[in-house]
1. Which one of C:Ile196, C:Ile183, C:Ile161 is more than 8 Å from chain D (Cβ to nearest Cβ), among the hydrophobic types (A, V, I, L, M, F, W, C) and closer than 24 Å to C:Val129 by Cα?
2. For segment D:25-43, enumerate the residues that are surrounded by fewer than 21 Cβ atoms within 10 Å (Cβ to Cβ) and farther than 30 Å from A:Gly109 by Cα.
3. So how many residues does segment D:22-42 have that are in a helix (DSSP H, G or I) and under 30 Å from B:Gly357 (Cα atoms)?
4. In segment C:1-21, what residues are more than 18 Å from the chain's Cα centre (by Cα) and part of a loop (DSSP other than H, G, I, E, B)?
5. Quick check on segment D:178-207: of everything there that is in a loop (DSSP other than H, G, I, E, B), within 20 Å of the chain's Cα centre (by Cα) and in contact (Cβ under 8 Å) with a residue 40 or more places away in the chain, which residue is surrounded by the fewest Cβ atoms within 10 Å (Cβ to Cβ)?
6. Quickly run through segment C:6-40 and pick out the residues that are over 12 Å from C:Ala140 (Cα atoms), at pLDDT 95 or above and among the polar types (S, T, N, Q).
7. Please work out which residue is surrounded by the fewest Cβ atoms within 10 Å (Cβ to Cβ), limiting yourself to segment D:301-326 and to residues that are part of a strand (DSSP E or B) and at the interface with chain C (Cβ under 8 Å from one of its Cβ atoms).
8. Find the residue count for segment B:327-365, including only residues that are farther than 16 Å from B:Ile240 by Cα, among the hydrophobic types (A, V, I, L, M, F, W, C) and either under 17 Å from the mean Cα position of the chain (by Cα) or part of a loop (DSSP other than H, G, I, E, B) (or both).
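The values are calculated or read from the model by the stated rules, or taken from the named source; none is laboratory data. A quick note: this is a predicted structure, and the numbers were derived from the prediction, not measured. Glycine also receives a Cβ, built like all others from the backbone with ideal geometry; neighbour counts cover every protein chain displayed.
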Number of protein chains: 4
Amino acid sequence: MKNTFGTNVLTTIFGESHGPAVGGVLDGLAPGIPVDREKIAKKLALRRPQGAISTSRVEEDEFEIVSGVFEGRTTGTPLCHLIPNQNVRSGDYDAVRDLARPGHADYTGFVKYHGFADYRGGGHFSGRVTAALVALGAIAERALENRGIGIGTHISRLAGIPDRGFADLDADIASLSDRPFPILDGAAAEKMQAAILKAKEDLDSVGGVLETVVTGLPAGVGEPWFDTLEGLLSHGLFSIPGVKGVEFGDGFALSDMRGSEANDAFTPKEGGVATKTNRNGGINGGISNGMPLLFRCAVKPTPSIARPQETVDLRTGKAAAIEIPGRHDPAIVHRARAVVDAVTALVLCDALAGRYGADWLGGTK
Amino acid sequence: MKNTFGTNVLTTIFGESHGPAVGGVLDGLAPGIPVDREKIAKKLALRRPQGAISTSRVEEDEFEIVSGVFEGRTTGTPLCHLIPNQNVRSGDYDAVRDLARPGHADYTGFVKYHGFADYRGGGHFSGRVTAALVALGAIAERALENRGIGIGTHISRLAGIPDRGFADLDADIASLSDRPFPILDGAAAEKMQAAILKAKEDLDSVGGVLETVVTGLPAGVGEPWFDTLEGLLSHGLFSIPGVKGVEFGDGFALSDMRGSEANDAFTPKEGGVATKTNRNGGINGGISNGMPLLFRCAVKPTPSIARPQETVDLRTGKAAAIEIPGRHDPAIVHRARAVVDAVTALVLCDALAGRYGADWLGGTK
Amino acid sequence: MKNTFGTNVLTTIFGESHGPAVGGVLDGLAPGIPVDREKIAKKLALRRPQGAISTSRVEEDEFEIVSGVFEGRTTGTPLCHLIPNQNVRSGDYDAVRDLARPGHADYTGFVKYHGFADYRGGGHFSGRVTAALVALGAIAERALENRGIGIGTHISRLAGIPDRGFADLDADIASLSDRPFPILDGAAAEKMQAAILKAKEDLDSVGGVLETVVTGLPAGVGEPWFDTLEGLLSHGLFSIPGVKGVEFGDGFALSDMRGSEANDAFTPKEGGVATKTNRNGGINGGISNGMPLLFRCAVKPTPSIARPQETVDLRTGKAAAIEIPGRHDPAIVHRARAVVDAVTALVLCDALAGRYGADWLGGTK
Amino acid sequence: MKNTFGTNVLTTIFGESHGPAVGGVLDGLAPGIPVDREKIAKKLALRRPQGAISTSRVEEDEFEIVSGVFEGRTTGTPLCHLIPNQNVRSGDYDAVRDLARPGHADYTGFVKYHGFADYRGGGHFSGRVTAALVALGAIAERALENRGIGIGTHISRLAGIPDRGFADLDADIASLSDRPFPILDGAAAEKMQAAILKAKEDLDSVGGVLETVVTGLPAGVGEPWFDTLEGLLSHGLFSIPGVKGVEFGDGFALSDMRGSEANDAFTPKEGGVATKTNRNGGINGGISNGMPLLFRCAVKPTPSIARPQETVDLRTGKAAAIEIPGRHDPAIVHRARAVVDAVTALVLCDALAGRYGADWLGGTK
């Protein structure tokens, strides 16, 4: 389905970095959900560049709702929004139009679209398009809150520096929601930011790992084959530029364990069943088990770096050197957090609508 | 779409561990592809339990084609096949019918299907269903060979023991296709098998990591948003029971690198562009770049172990102990290899048919 | 999605007329629905040839369930069934292998599948494949009955002879369910059968119109754009071989009315709203309004006729005459009734699961 | 998929009659197709109200491209456009907010969206939303022209007055493309317009039948089951407000014929096969046969009429009378023509991309 994703709640995104706007359509979300512009603005702010550790291109992210909201709530019909592009300096890219930036989609996009795509600033491949996702995700998160479902993401590792793990989930989620640099342990945050600045100084960039927890998700959501919760989430998460790995629960570490260690023992709890550990990240057989959902995304270092790099001229096919002009992010991990939250919320709204019906997440009048 | 997967080439699977048969439908694959029963049988054999390191339940995997093949070739209409279940000892499960096996989908399946699902041997959640995928995958692999596309998967780590990485890709792929225990380095194979037998002795199990390479994939396949090659592949791969992590190229290791290290420099090659390294696993911006596709799946240790485990009785909700009867696999990593190959082949056939049209993979008459 | 249809409840069909079997997969139907083999057998019998007015090829339609049923009820996991082909006389077709039968898909199938498709008896295009649909539809109808939704279809016109319209809906639906020749007015039935026999005598065939009513469907089902109830139903109904027109309510006759006549006035009813007339067939703006759903399918005359016809030899491209050997149906309208019921039930189960959730149609334990 | 339609070329629409704008996203259309703003404007003009026979609400239909077009051609990435709403007199609707207009979706929309939808002017159900479809369809039509595929639609009957049928297809298509009132026979046009004005005088409205022809479509497009050309087209066409019947070839008239009359005999033609008649509308077994595609849509009379009508108050559930204020169309058949053309073009682009690949319709650089 390409730029549309989902079965019952569908997300469509569009736009290019240097076009008039990026935007998205959210279709199938229940009617009656309050559309909280402040929440959307806050989420967009978390995705925006932040001070010295980010690019100096700052966008206002003026958020326009085109359809699907009436008297402050979702109507149930498709919600389209636009975020106009501002502060666009296309001229930055003219000099390197034909030079494929390593680590970017310039070459693959050139092959796929036969040279017709908008090359400026990555065009439709630009991380800028994730702003559209973040806005829709903020609306989806609000819907999940109606049902007591919360999402929180922190940087669990950056430039090799670890954050502490989730502990008191509700408190951790609450604290993350206000932090532009999403770390649970303040000391780690300082070290990470220093590592980012050092990379910037070196005309280089760093990557990191984002860890996400979801609380309040009922047991029984997901399918055994092919629409496992892991499959649905990873499908969405790998769309986020820079994500090159996704793991659930203990993920890759599980592959070094024995079964007796990896299995989460069941234990009775009020009104159901819990597990004593959560090494499987709240998912058994592709279906939520009522424990917190837990997963991690590996984010590669920002490919746009100021150093000269080896490349090929797409028109001539000859070797060339490229120095990428313009503004660079020495790290995007902290900004990608808002996108991970958004994709998570959108995927879960879709899965929940499929299981409990079109109105389950909605309001009443 | 639940048990159906794909856009242009669709895979549907069905069946329960202790029902009459498992099977699948492959729809949209081009006409004229030779359906090689020996290749299918060989792939099914690679998925079957193997000697001391596996369960003692051995299936003949008699493969019946119900539709979609005529005079030895695909017709282009839906291909349905069945693999009848044999050697089924349902009685093994009666004693533990209501006891959720830790690490399995018994509890989540019970919640999702309200107790109506076939509980015997995991029912529709059983790894047995992957035989249906492997058979369809073998047909898809044959189609890819028409276009010079090869797939190979080895165990890159098991119980902490590493195999060597891919080197001479064509030779490595060829050698793996004949090895029931898919390892590139013979010495590693011996150590791994010893570790599996030790786990069995301990009434326990081990997990591992599978690494896959795909050669010959043209550049330009995949979408920028949501149907990235990573997203499509991971969506399918996470359906494989036990897979809890998927990473592309250097994956999680990329998150500890700097951009100057993670970026794959471009360099001219005959008729196109290559990259000097392949840290991004042959994918930039969700789209193939013409380099070998490379990814890894984390497979958790087999959850069925002979040791007593803590659980809950699903009918009473009370704590209980379970000793899982029946036959156990101390490792399924080597068997999962055939399923990873199959999912990979099916996903790629789908993506290629979308890009180049319904007949691109087919034969001519 | 080709041979798979639906969003939440998915129907997949496969098989060829002269292959081992036809069959289907029903995925996403709620767990706990009684699978009534007698009801399935009865529906299959209604689709089978009947005496002098049909072909002399009679199939036993032995119905095998492969998966998805446990202890007599749906499990919620994919339900696969097979209907083995028997009484197959492939030799009938050898002489005319390369001659495209007018009105059939021989030529279009040849172009689409490049000559690789099974040509015998129409292969995958054969009306025989509808048996698979009918079996799945019978299960879906049973699910709808759980919710008080009934479906009835009669021949409203055949060879220009009209049946009376629906009057007492519940009684009419009940009476149709037992009639192999589905007519409300016995006198019309006799005239129609005489017309069929006359056509047979003339080595010719007749067509007709099927009219369907659905009772008990709640208001609010369907979407304003693209997945209108009309769109969903027609998409499925046009798959039925021979259907060349679909109209809802007064359909084409509406186009000759004025608005004041075509509009159905609203009037209060117990617990909701009714319309005084039902010219719109129970659908406004693509969404059910709580009135009976009413639609008609135009079925063209059976294309297989015994007379010599002009055609082209597919291998040589030259003009040729064809006399179709084998057994012919002078009418299939009465047999198509069971297929229309089945498609209707499957489409409605899908739409209802989307609106009210995956379990709404299911049973309780 | 609700407001998104298609498999390889996807159309998404959004917007409400009295919101800021209506618009749409076209995803998957090949890169390099010229985006001809004049053609789009012309098509939008054909959909707009025209003089005395239409509503007096006239929209400028300013067309804004938000994404997916670069240097005058499609990029291959999603194309979003907006048509801002102007000349909106919402006040017209306040007095009748709670009164369901007969023949409209007010009641069904109220039930489906629980009263949260934008009620003004039909909201998302408004025919206004079809402007978004028309704009996207104009781009799709341009793509089809690249491959020699032409589409033409005329009013074959209005208020019982017939137009002549298609004769010289290319000339007829060309002549229709410039006629706001799409009739082949000028005398019929005058009679029809008189009938429309008479209905207006009577505070009433009329309906009609639209007949569409498509030339140049290759043989082999469409699927045997479920994605037949008839099924795909009808699925889209029934989204057009007011369409209540769709028939292909001779459609309902076929049901009164005998097989010997209904079958189209095959005959050799240069480079393939033709049929001597075209009673099946260019489709056999769901697949194009290379003859012109021919189908008809029944359009009911405009439900908005100035006469008082019986209805129910949605808040109180009590009987009420409604006099619909605002501007009315005594006929929308002629305006619906542009929407039928658009849906046809979008469906065919989708089917062709599936068969021949993503780039088949595109340009070269």
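1. C:Ile196
2. D:Ala41, D:Lys42
3. 3
4. Listed by number, the residues that qualify are C:Met1, C:Thr7, C:Asn8, C:His18, C:Gly19, C:Pro20.
5. Among residues in segment D:178-207 that are in a loop (DSSP other than H, G, I, E, B), within 20 Å of the chain's Cα centre (by Cα) and in contact (Cβ under 8 Å) with a residue 40 or more places away in the chain, the one surrounded by the fewest Cβ atoms within 10 Å (Cβ to Cβ) is D:Pro180.
6. C:Thr7, C:Asn8, C:Thr12, listed by residue number.
7. It comes out as D:Ala319.
8. Within segment B:327-365, residues that are farther than 16 Å from B:Ile240 by Cα, among the hydrophobic types (A, V, I, L, M, F, W, C) and either under 17 Å from the mean Cα position of the chain (by Cα) or part of a loop (DSSP other than H, G, I, E, B) (or both) number 5.
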